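What follows is a set of notes on a single structure, which appears directly below.
What follows draws every value from the coordinates through simple rules; no lab data is involved. All of these numbers come straight from a predicted model, not from anything done at the bench. Methodologically, a virtual Cβ is constructed for each residue, glycine included, from the backbone with ideal geometry; neighbour enumeration extends over all protein chains shown.
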Amino acid sequence: MPFVEDSEIERVLVVTAHPDDLDFGAGGTIAQWTAKGIKVSYCICTNGDQGGEDPSVSREEMRKIRQQEQRDAGAALGVTDITFLNYRDGWLEPTIPLRKDIVREIRKVKPQRMLIQSPERNWDRLFASHPDHMAAGEAAIQAVYPDARNQFAFEDILKDEGHEPWRVLEVWVMSHNAPDHFVDITDTFEKKMAALHAHVSQTAHNPEMENMVRAWAERNAQTNYLPEGRLAEVFRIVNTQ
């Protein structure tokens, strides 16, 4: 389908449920965007406190660890503007308060493009359909349309905070069961892995992680008829104009 060329994009807002979600789903693509001079901002919905493998680490400490890991991972991809909404990990729902918080971020960042998680369950890749992922995706797309562009939605964001309505041009959806666009990330795969390795509490226990992530990317590339050895990330693009 037609999509907005990167040369026309100045700002991208990424909304995900947890720290590390966006690095698994789109780290190589984000690295390409920042290399082109596009400003990328992150909005992470939960505090990530259900993550990790070590039961001796308190949940409050895990929250701090995961947020710092996301900052370190962002730095590996050229992203420093990171907002944590701090909803409880594992309890995320597409509520009106969550929608409002995402609308606020949209109006602050003013992105032409957004990257979100799929609100639809993927029966072929169930692990990608964590309930928090689907909740974040549903709230994010509702925030894009109709709320962020509507001056009468959450009027206090405009009247009290001064954030004007904003119309996002397109939304890229990660982990969708029917992707229609791919990005060749062969040249930025190492940056993607650097970001993933920054999530020490989530990835250090898996010695096969890089092989696993590479296999996913190879499969995406093969599905899109790229030459052998190429790597890709895939998305569903939604025109929101």
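In this simple spin-label approximation, Asp54 and Asp156 carry label points 7 Å from Cα along the Cα→Cβ vector, and these lie 4.0 nm apart.
Once you've got the Cα coordinates, tell me which of Lys36/Lys192; Lys100/Lys192; Lys36/Lys159 are over 24 Å apart. Check vs 24 Å cut-off fails for Lys100/Lys192; Lys36/Lys159. Rg and Dmax, both from the Cα atoms of segment 1-58 and both in Å, are 14.9, 50. The DSSP beta bridges internal to the chain are antiparallel in roughly 30% of cases.
Distance from the C-alpha centroid of segment 1-59 to that of segment 171-223: 12 Å, rounded to the whole angstrom.
Of the GluC sites (Glu not before Pro) in segment 17-66, the ones in a loop by DSSP (not H, G, I, E or B) with at most 12 other beta carbons within 10 Å are Glu53.
Tell me, Trp172, Trp216, Trp123, Trp91 in order of fewest to most beta-carbon neighbours within 10 Å? List each step's numbers first, then the result.
Values: Trp172 24, Trp216 17, Trp123 8, Trp91 11.
Ranked by crowding around the Cβ, least crowded first: Trp123, Trp91, Trp216, Trp172.
Scanning the chain for long hydrophobic helices, with DSSP H runs required to stretch 15 angstrom or more by C-alpha along their axis and to average at least -0.5 on the Kyte-Doolittle scale, returns 21-35, 96-109, 131-142. Taken over the chain, the alpha-carbon convex hull comes to 119 cubic angstrom per residue. Taking all Cα-Cα distances within segment 14-100, those exceeding 19 Å account for 39%.
Under a Gaussian network description of the chain, with springs only between Cα atoms under 10 Å, the residue in Asp180, Asp72, Asp21 that fluctuates furthest is Asp180.
For segment 135-241, the list of GluC sites (Glu not before Pro) that fall in a loop by DSSP and count at most 10 other C-beta atoms within 10 angstrom reads Glu208, Glu228.
Using R0 = 25 Å, the C-beta based FRET efficiency linking Tyr225 and Glu120 works out to 0.50.
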